[in-house]
Amino acid sequence: SSDVCSSDLIIDKLGMVYIIFIIAVPSLAYIYVFRFLGTKYFGLPSVFPTYGAGDVRSWVLPIISLALPSISSLMLWTRRYVVDQMNSDYVRFARSGGLSEGEIFTRHIFKNASIPIIQGIPASVLGALVGAIITERVYLVPGAGNLLTNAINASDNAVIVGLTLFYAVLSVVSLILGDVLMGIVDPRINYTAKAR
């Protein structure tokens, strides 16, 4: 029991170190850090179409650079919500009722803690798409982000306005999707107006 508890604490500490590193370091800095480590120690290409778009190795570093910030944010908020739920009165009541820790976690803690996390998933996807502006530029991936930076350098106002509108529509859709998902996960949430 004590060994399990100490291993959980070590995993928790390592997770917090990762979260703090990703949040504290500017995105451009860790993109270059991952690019350096991937090319030097794993032989991955530093520019996207080195082995062709069909080769998995061409996608590894851009995907890692986009995914790690979203993962760290989700880890941070999940940890906060789970800790809040673990200290709730209904969890203590469930323990006194004889439920096992696994049942308490799956039926009560994780279910209630996942509601605000699920609401933020579309925003995380949007953050990865918006973050692709920098990532696509660094790895020379042909996409909307690279197109936007090229349009800014070329002073192409039509493309800049079009892509800005594209990202704005994605932002609105992601916020609406987050609210819809939250209503699906928790039926208690109702968006219809109540009579007063």
Practice task
For F105, work out the one condition from (1) within 26 Å of F166 (Cβ to Cβ); (2) among the hydrophobic types (A, V, I, L, M, F, W, C); (3) part of a helix (DSSP H, G or I) it doesn't fulfil.
Solution key: (1)
Handout entry: Counted residues, the stretch 22-63 - those being open to solvent by 50 Å² or more (accessible area, probe 1.4 Å), under 16 Å from the mean Cα position of the chain (by Cα) and touching a residue at least 12 places away in the same chain (Cβ under 8 Å)
Key = 1
Fill in the blank from the handout: The residue from G98, G131 that alone is of a type outside the set (D, E, K, R), outside any helix (DSSP H, G or I) and either open to solvent by 30 Å² or more (accessible area, probe 1.4 Å) or at pLDDT below 80 (or both) is G98
Practice task
Confirm whether G183 is in a helix (DSSP H, G or I), open to solvent by less than 40 Å² (accessible area, probe 1.4 Å) and under 24 Å from P69 (Cα atoms).
Solution key: no
Handout entry: In the stretch 167-180, residue modelled with the lowest pLDDT [restricted to those that are open to solvent by 70 Å² or more (accessible area, probe 1.4 Å) and under 16 Å from the mean Cα position of the chain (by Cα)]
Key = L175
Practice task
Tally the residues that are in contact with a helix residue (DSSP H, G or I) (Cβ under 6 Å, 6 or more places away or on another chain) and not β-branched (V, I, T), restricting the search to the stretch 172-187.
Solution key: 6
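Name the single residue, out of those in the stretch 134-161 being touching a residue at least 40 places away in the same chain (Cβ under 8 Å) and open to solvent by 40 Å² or more (accessible area, probe 1.4 Å), that is nearest to V33 (Cα to Cα).
Applying the filter and picking the extreme gives I134.
The values are calculated or read from the model by the stated rules, or taken from the named source; none is laboratory data. These numbers come from a predicted model, not from an experiment. Every residue, glycine among them, receives a Cβ derived from its backbone with ideal geometry; neighbour counts consider all protein chains shown. Remember, those area values only see protein heavy atoms, side chains included, never the ligands or the DNA or RNA. Shrake-Rupley method; radii C 1.70, N 1.55, O 1.52, S 1.80 Å.
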